[in-house]
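Working notes, beginning with the structure itself.
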Amino acid sequence: ILRIAPIEIFAKEEEAIAKANEAREKSGDLVTKVYPVNYANVNDVKSVIETAKILTKRGFISVDARTSSVIIKDVEQRHEEYENLIKAIDVATPQVSIDAKIVEVTTEFQKELGVQWGVLWKPDKKINIGAPGIPGGVGFNSSNPLMVNLPAVNVSPGKGGAIGLGYITASQIFTLDLQLSAMESTGEGKVISNPRITTSDNEEAKILQGKKIPYQTVSSEGTQTAFMDATLELTVTPHITPEGMIVMKINAKKNEADFAGPQVLGVPTIDIKEISTQVLIKNNDTLVIGGIFKNNNAFTKDVVPGFADIPILGYLFQHKSTVNSTNELLIFITPRIVKQL
């Protein structure tokens, strides 16, 4: 039906309808309904309804935290709107499972890994954090799904390596597991930790791996033992995009006590490497963080009892050796969207 009339007529009719609705709201009976809230916070739901200003002047809203319910008392015709709004905001928050592998590898295995995965791959852009003039150990090129170029940097003694990012597609995860298993069997490295944690969308997840190192301090009260954290701390905050991709805010920090360096009252210096970044990654793909180096220094002394104490000639009956080695910590982070049952 097509109705033609002056605009003033339509305006008057709309005004009359509004007045009629207002009269019904003023005179209509108030109905109390209880709306259970399954996923959202009841106080947040209450705040949304109040902010939307859809309650009538006679309407009233309260919450029951014990039963996780919202209680609304208002005229009958408004309750359908309340029900629809609560259904729209009371939805389960998506969850993300984060699988992290913290791996310590020899520099030779790191090179082999990079050659196998990074063959003929020259990234045009890299994300590097480290000493000036030292190229990053890992690069990322979004136009190429094949992914890691680990041996791009050789770190000389005394230099700090750069921390970089790499990328592994989901189809390569099986190959990665095989490589890590082979690495452990040949003694070229070991998986230090394989933590798994599940967190809600936009909620921070933290993984801590390390130990407390005791050291002696001297004060006016005497000698005391204190402890210093030597840890690898990984903080990840995931966000699921409407397209099913995952944005991850990542902070990786490695603290290591340097007892070989200068000390103040027995307190060693702290060697800190840290990276903070935000990346967009596909579900089930893996992000690689490399360039976190660990120096291992060992001193041994073998002597022949008695003979080694002979002045001058005693050096012929003892053997000293110093072994310096540099291993790299690789962190593999794989986010997976948890399917709702």
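Distance between the 7 Å Cα→Cβ label points at K339 and D229: 3.8 nm. A Förster radius of 30 Å, combined with the Cβ-Cβ distance separating I7 from I54, puts the computed FRET efficiency at roughly 0.60. Amide H to amide H distances under 5 Å link V63 with I71, where only residues 5 or more positions off or on other chains count and H is placed in the peptide plane. Extension gain, S47 to T93: 0.36 nm times the residue separation minus the Cα-Cα distance gives 14.7 nm. Legend: residue pairs K87/K249; K101/K249; K33/K339; K249/K282, Cα-Cα distance threshold 21 Å; pairs beyond threshold, K87/K249; K33/K339. Each of E76 and I270 was given a label point 7 Å from its Cα along the Cα-to-Cβ line. The distance between the two points is 6.7 nm. With Rh defined as the Kirkwood radius, the inverse of the mean 1/r over Cα pairs, the Rg/Rh of segment 7-89 is 1.08.
Coordinate-derived values only; no laboratory data. In this text the structure is predicted, and so the values were computed from the model without any measurement. Glycine also receives a Cβ, built like all others from the backbone with ideal geometry; neighbour counts cover every protein chain displayed.
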